[in-house]
Amino acid sequence: QHYLDTYTSTHDYDEYHFDLDDIEHDPYVLISMLSAFHEGEWTLEEVRGTLQTIFDRQYILTENVVVEVRYRTETRTGPDGPYTVRVPYNYYICTVTLKNEDLSHLPIYMMGGEQLSRYSLYMAALGNRPDLFPGSGYVDKYITNPPQPYDVPEQYLSDPDFAALLTEAEKYLGYPYVWGGSSPATSFDCSGFLSYVLNQCGWNVGRLGAQGLYNYCTPVSSPRPGDLVFFRYTYNAPNPDGVTHCGLYVGDGMMLHCGDPVQFTSLNTSYWQSHFYAWGRLP
């Protein structure tokens, strides 16, 4: 941050453009990653190298300088008096870009299966130290305001397909969100959760992303319990118009999804209403 704050005073370009992501991370994600890498017991000195490795993976800083040939008008004096000329000069335009890859997305790329399983356990327990960072959003999600129970109306369970999906999905209530996770061992992200549940209930979808699950379904306008619900623009995805989140519709404006953690959630909030994209029916 200091390097960026002092950039224009420590460099000598003619024009600057900055495209900077926020410099931030959830501290419980970091402490859970360190504990997974170092098997739960470590000192700061022992993890300095790991911290640097994580930092270098999370933040990508690029500096691109373009040189344009521009012209200025100068007045000169000749035998016949003053005259003007166009004089070329180099004009330097610097664009500084900082990409924050999101710390919570890195474990799936940096860890093996055993480490990822350990990481998901630490995330569920806030690194075993929920007292360290009381301002973290995770404290509210897991400790202060944990997911509330919800009973799906009995009449909806007469559909055996939906009943099977719900029974399987409810096994994982409270599991933490782990980007890229797709099994109980590693925990889940939204599409990994639904892919896993579907595979256990007779569908064979493999491991699909949210867009892939949408493509697998048939769009419908009137949802029923057991349909999937899809959203867009819930995070800064590579394809900004693609599907970025999904859940299992359980009726009465409620879904069961891998939020953070796996939980029942009302669709009748301004957030989900503004990000809603489509309903999909499974084949």
Practice prompt. Tell me the label-point distance for the pair Asp14, Ser274, using the 7 Å Cα-to-Cβ offset, in nm and rounded to one decimal.
Written response: 4.1
Worksheet item: What is the extension gain from Asp5 to Ala237, computed as 0.36 nm multiplied by their sequence separation minus the C-alpha to C-alpha distance, in nm to one decimal?
Response: 80.8 nm
Worksheet entry | Accessible surface, per residue, of the chain when the full set of protein chains is kept, probe 1.4 Å, Å² | 54
Worksheet, complete the sentence: Amide H neighbours of Phe188 at under 5 Å, excluding residues fewer than 5 places away on the same chain, with H built from the backbone geometry, are Val178
Worksheet item: How far is helix 44-58 tilted off the main Cα axis of the chain, in degrees rounded to 10, range 0 to 90?
Response: 80
Practice prompt. For helix 190-200, report the angle its Cα long axis makes with the longest principal axis of the Cα atoms of the chain; keep it between 0 and 90° and round to the nearest 10°.
Written response: 30
Worksheet item: At a 1.4 Å probe radius, carbon and sulfur cover how many percent of the accessible area of the stretch 18-140?
Response: 50
Worksheet item: Can you list the HN-Hα couplings for the stretch 106-118, worked out from phi with the Karplus curve (6.51, -1.76, 1.60; θ = phi - 60°), rounded to whole Hz and with x for Gly and Pro?
Response: 7, x, 5, 8, 10, 10, x, x, 5, 5, 5, 4, 5
Response to the item:
Label model pair Tyr109, Arg76: point-to-point distance (7 angstrom along the Cα→beta-carbon line) in nm is 5.4
Practice prompt. Check each of the GluC sites (Glu not before Pro) in the stretch 56-122 and keep only those in coil by DSSP with at most 15 other C-beta atoms within 10 angstrom; list them in order.
Written response: Glu101
Discussion item. Using a 7 Å offset from the Cα along the Cα-to-Cβ direction at both Val65 and Leu44, what is the distance between the two label points in nm, to one decimal?
Written reply: 3.6
Discussion item. Could you tell me the calculated FRET efficiency between Val220 and Glu24, based on Cβ-Cβ distance and R0 = 35 angstrom, to the nearest 0.05?
Written reply: 0.35
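The values are calculated or read from the model by the stated rules, or taken from the named source; none is laboratory data. Here the structure is a predicted model, which is why all the values come from computation and not from measurement. Here Cβ is always computed from backbone atoms with ideal geometry, including for glycine, and neighbour counts include all displayed protein chains. Ligands, DNA and RNA are excluded from the accessible area calculation, which covers all protein heavy atoms including side chains. Shrake-Rupley method; radii C 1.70, N 1.55, O 1.52, S 1.80 Å.
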